[in-house]
1. Under a plain spin-label model, where a point goes 7 Å from the Cα along Cα-to-Cβ, how far apart in nm are Lys4 and Asn86?
2. Counting Lys and Arg as +1 and Asp and Glu as -1, what is the net charge of the other residues whose Cβ lies under 15 Å from the Cβ of Gln66?
3. Any idea what Rg and Dmax come out to for the stretch 1-121 if you just take the C-alpha atoms, in Å?
4. Counting only protein heavy atoms and using a 1.4 Å probe, what share of the accessible area of the stretch 40-104 belongs to carbon plus sulfur, as a whole percent?
5. With +1 on the Cβ of every Lys and Arg and -1 on the Cβ of every Asp and Glu, and nothing else charged, how large is the dipole of the stretch 1-103 about its Cα centre, in debye rounded to the nearest 20?
6. Over all alpha-carbon pairs in the stretch 1-48, figure out the percentage whose distance exceeds 17 Å.
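The values are calculated or read from the model by the stated rules, or taken from the named source; none is laboratory data. As the structure is a prediction and not an experimental result, all values here were calculated from the model. Heads up, the Cβs are rebuilt from the backbone with ideal geometry, glycines too, and the neighbour counts pull from every protein chain shown. Only protein heavy atoms, including side chains, enter the accessible area calculation; ligands, DNA and RNA are left aside. Shrake-Rupley method; radii C 1.70, N 1.55, O 1.52, S 1.80 Å.
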Amino acid sequence: GVSKNILKAIAKAESNFDASATSYAGAMGVMQLMPSTASYLGVTKPYDAKDSIMGGAKYISSLLKQYDQDLSLALAAYNAGPGNVNKYGGIPPFAETQNYVSKVLSYLETKETTESTEAVDQSVGSSANTLYEMASQNYTATGIAHSVKAVPHYNA
């Protein structure tokens with residue numbers, strides 16, 4: 001029930017579609033799930049693109065429900081943990097989390113994301129334009145690849 005574009009924006013911000021990414025805090029895979037979060041979500045192969053993306057989709061879906069479909073709060077909780085969002089009554093005052101929310105939202109709103117999404121979809125073929133295939137291919141293309149540092153997740 002989560003938009004493919006939201007998942008793509010999160011995957012781009014988290015790992016730049018790199019299924020083998022590991023953050024300095026230990027977050028793993030395309031969706032940069034922390035080990036405890038992955039375990040909770042039933043993700044047994046966090047470096048498998050499909051498993052990571054399905055886990056990330058399940059997680060952001062639950063956060064959207066928890067925060068009454070408020071995407072900014074759900075993204076903040078994805079990054080900093082729901083405990084921090086609840087503690088601060090909104091997006092926590094962490095520069096990293098504020099930047100993360102802005103980055104993901106900008107990927108949803110910019111022409112670049114639309115072009116990136118279209119280029120990715122074309123690169124994997126119209127019959128196979130799934131997000132996990134993008135990650136499996138560790139997609140990059142001239143002009144749209146970014147050096148995105150994986151951000152840590154904090155369990156509350």
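1. Roughly 3.5 nm, to one decimal.
2. +1
3. 13.5, 40
4. Details: 1630 of 3110 Å².
Taking all protein chains in place, the stretch 40-104 shows 53 percent carbon and sulfur surface.
5. That gives a dipole near 160 debye.
6. 32 percent
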